Amino acid sequence: MQTDPTASAATDAPALFSLNDTTLSYQGRVVLRDINLSITAGERLALVGASGSGKSTLLKHLRGLHSSQCAWCPQHSGLVPMLSSYHNIYMGSLSRHSALYNAWNLIKPLAAPRKEITLLANQLGIYDQLFKPLGSLSGGQQQRVAIGRALYQRQKIFLGDEPVSALDGFQADGILSLISHSHDTVILALHDTEQARKVCDRIIGLKHGRIAFDLPSKQLSDDQLNALYHHD
Ligand SMILES: Nc1ncnc2c1ncn2[C@@H]1O[C@H](COP(=O)(O)OP(=O)(O)OP(=O)(O)O)[C@@H](O)[C@H]1O
């Protein structure tokens, strides 16, 4: 494995996530073996690798370690098609309010969340879709709703599994920048390696069930990145 001791943004800070010889498997089938990894607060980290290399598996494991501190934007959004974008975004805040408050807001949007979610919808470019049923929105619009729901969780750590895969490059850049500015720590599984380099200061490449490299984005060569996707 290629590593750099400065890959972690703040190596003296205590680790937010720490994996020591961790093996991740499904029903006894190993996906990632003997993973050693330390992530500190403040990092912008991308997980890259071919389809099936274990990016989502690792991200889900990290989430499980600190679920109450993580905003979660999964690949399969789990949004509710018959509800409006507004209500889907509001779902990010369910745990912050009482059952009565949540039920009331479902019937008639309350002033405070309405103001906050309208602002968020503006930032995400879905203001015009806010009170339409989610099922009537395009794939990219639905993905922005899913990001809105994650942003509205208002956590310090953002974990996103291909959060902008359905967006064009310009939109993706803007929204990744919004995600980055709204969270202390950002960890993303990304197929787009250029995006990973642009947004993240540290990149971890997964291949053959292992960490193939863990390097600062600036030190990562095209050859190292390309090698991840070649069969050998
Ligand atoms: N719930 C599950 N049960 C059993 N096997 C699983 C499950 N989820 C993923 N796998 C397997 O684990 C391996 C890694 O999958 P994972 O989704 O972590 O890869 P990935 O790098 O995120 O892929 P992609 O880029 O296609 O999203 C794959 O071989 C996949 O078939």
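The values are calculated or read from the model by the stated rules, or taken from the named source; none is laboratory data. Treat the numbers as computed from the prediction; the structure is a model and nothing was measured. Quick reminder, even Gly has a Cβ in these numbers, built from the backbone with ideal geometry, and neighbours come from all protein chains shown.
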Q: Answer yes if at least one residue in the stretch 181-190 is among the small types (Gly, Ala, Ser) and crowded, with 23+ Cβ neighbours inside 10 Å, and no otherwise.
A: yes
Q) Does Gly54 satisfy the criteria of being within 16 Å of the ligand (Cβ to nearest atom) and not acidic (Asp, Glu)? A) yes
Q: Could you identify the single residue in Leu59, Leu37 that is under 21 Å from Asp201 (Cβ atoms), in a strand (DSSP E or B) and touching a strand residue (DSSP E or B) at 6+ places or on another chain (Cβ under 7 Å)?
A: Leu37
Q. When you go through Asp232, Asp201, Asp184 one by one, which is the residue that is at pLDDT below 95, more than 16 Å from the ligand (Cβ to nearest atom) and not hydroxyl-bearing (Ser, Thr, Tyr)?
A. Asp232
Q. Within the stretch 70-113, how many residues are free of Cβ contacts under 8 Å to residues at least 24 places away in the same chain, under 30 Å from Ala41 (Cα atoms) and surrounded by 18 or more Cβ atoms within 10 Å (Cβ to Cβ)?
A. 1
Q) So which of Thr22, Thr6, Thr11 is of a type in the set (Val, Ile, Thr), modelled with pLDDT of 95 or more and touching a strand residue (DSSP E or B) at 6+ places or on another chain (Cβ under 8 Å)? A) Thr22
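Residue-by-condition table, conditions (1) within 19 Å of Leu167 (Cβ to Cβ); (2) among the charged types (D, E, K, R); (3) within 21 Å of the chain's Cα centre (by Cα):
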site	(1), (2), (3)
Glu43	no, yes, yes
Gly49	no, no, yes
Met91	no, no, yes
Ile107	no, no, no
Leu130	yes, no, no
